[in-house]
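Shown next, in structure tokens, is the structure this report addresses.
Nothing in this text is a laboratory measurement; each read-out follows from the coordinates by a stated rule. It should be emphasised that the depicted structure is a prediction, and the values quoted were computed from it without experimental measurement. Glycine also receives a Cβ, built like all others from the backbone with ideal geometry; neighbour counts cover every protein chain displayed.
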Amino acid sequence: MFIQTGKAWRGMSKTYVLWGILGTFVMILLLITSLDRIRIATYELFLIAHVVLSVLTIVACFYHTIVFEGNEYWKYLWPSVAIWVIDRFLRIVRLCYCNLHVSISNKSLVKVSASRMVYDETADVVRLEVTPGIPSLQPSPGQYYFLYQPFRLTGWESHPFTIGAWSYEIGDQTLLVPKSERKPINSLDVSNVPLLAGGTSDRDYQGNSESGTLREEELKLKLTFWVRPYDGWTKQLRQQCLSSPEKTSETTILLEGPYGETFPLWRYESVLIIVGGTGIASAVPYIQDHLRRSGEDWDGRLENEKTRVRDMELVWTTKQAAFIQDVSRRELKYALKREDFNASFYATRDSTASSEYSTEFGVDIQSGRPHLQSLIMSRACDACSAGTSLAILVCGPSKMADEARAATHLAMRQGYRSIKFVEESFTW
């Protein structure tokens, strides 16, 4: 009609039409910048574009509908604004709750989350250790946190990372203790709790009182994350570590979480865990959970949550043998001494380094990659012969996950039915 009457430009130049065109164009850009390829390649660009373009879309909608009498369409737009504002406000509240702890009885009135990160060049991994300001938020296997680095230009960004391990620090001791849900944390018996690597001795810690109990103020929950530096924020973490001669940095990292669900691996008699690279972060918490549940200090009243696992096997493939060595002498040290736990390690980058680490640290690291189909078929056959259930947990690159999934499907087609396949997300 505009073209026929020669008034096309006049109609297009009206304010409400221009805002409508702008809003449509912005929404198209919003869809394009939300594609997985862009989101994964340049997360910072995705995040900034998503926030800015979303705000522009709402503003354009307001001005596009301003021509209607009484702004009757605004009642449909204000809820969107309210939801966004409430979400941002609750995130700030959540951050304060997870990272600030006010205690009147303690010497320090306010506790804030503290963090320390170390970059291992041979492993090409940043080891990030965070002590939350509030220790009562207990994580579980399979859960993740959002990490913030507030005092930087991009401090408002949140980065999701799976919790790799957690422990309790008491002075110079590092303890693997039962979760607070099982026993009250304000009166925790640690007389039978195993030490993790990093303690002053390998004997059990007996406490500093005759009863062997510790108060909550003496316990410091330490969370461990493994960060593989690529681009963006993870690359900045590596640069911060490299700026120090010791390749360490004590910076402020804020936590939001934990989020996610825990799969009950403890209900299966046999467990096979297959991980690749930093996917070990999904495996270690389940392994440590097995140690807790099979310990003498586990609450006997929770019969349905006692571990039924008779044997657990870890198959870990990564590029650097140094990464395997570091985790083996720390988080996996106690598990590797048990008869019900076996581990197979594979390094794909340097066969010479693998042999050196195997000899020096007593950890057998093979070169190359495991044959997952034969491995899974063998475990399925053993479980079927013994009449036991088998859980297969996989977290790794897509090719590894596809191969494990196909092998599990083949085993089930051949009659091995008591298998549960669980895939943890390796990306986000």
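Data for the structure
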{"item": "Sequence-distant residues sharing a close amide H with Ser115 (under 5 Å, placed H)", "result": "Thr131, Thr251, Ile253"}
{"item": "Packing rank of 391-403, 17-29, where each peptide gets the mean count of other beta carbons within 10 Å, highest leading", "result": "391-403, 17-29"}
{"item": "Peptides ranked, highest mean first, by Cβ atoms within 10 Å: ranges 323-330, 231-238, 149-156", "result": "323-330, 231-238, 149-156"}
{"item": "Relative contact order (%) - criterion: Cα under 8 Å, at least six apart; region: the range 265-423", "result": "27"}
{"item": "Quotient of Cα Rg and 2.2 N^0.38 Å for the range 22-168, N being how many residues it contains", "result": "1.41"}
{"item": "Label-point separation, Arg91 to Tyr230 (7 Å along Cα→Cβ), nm", "result": "2.1"}
{"item": "Residues of the range 37-66 with amide N under 15 Å of the 7 Å Cα→Cβ point at Tyr16", "result": "60-66"}
{"item": "Value of D in µm² per second that Stokes-Einstein yields for the range 265-423, Kirkwood Rh from Cα pairs, at 25 °C (0.890 mPa s)", "result": "152"}
{"item": "Additional length obtainable on full extension of the chain from Ser136 to Val52, 0.36 nm per residue less Cα span", "result": "26.6 nm"}
{"item": "Fewest-first ranking of Glu339, Glu129, using other Cβ atoms within 10 Å as the exposure measure", "result": "Glu339, Glu129"}
{"item": "Vicinal HN-Hα couplings computed from phi for the range 325-337 (Karplus, 6.51 cos²θ - 1.76 cosθ + 1.60; Hz; Gly/Pro x)", "result": "4, 5, 5, 5, 8, 10, 5, 9, 4, 6, 5, 5, 8"}
{"item": "Residues with amide H under 5 Å from that of Ala343, placed H, sequence gap 5 or more", "result": "Leu314"}
{"item": "Simple spin-label estimate for Tyr73 and Arg369 in nanometres, 7 Å along Cα-Cβ", "result": "5.3"}
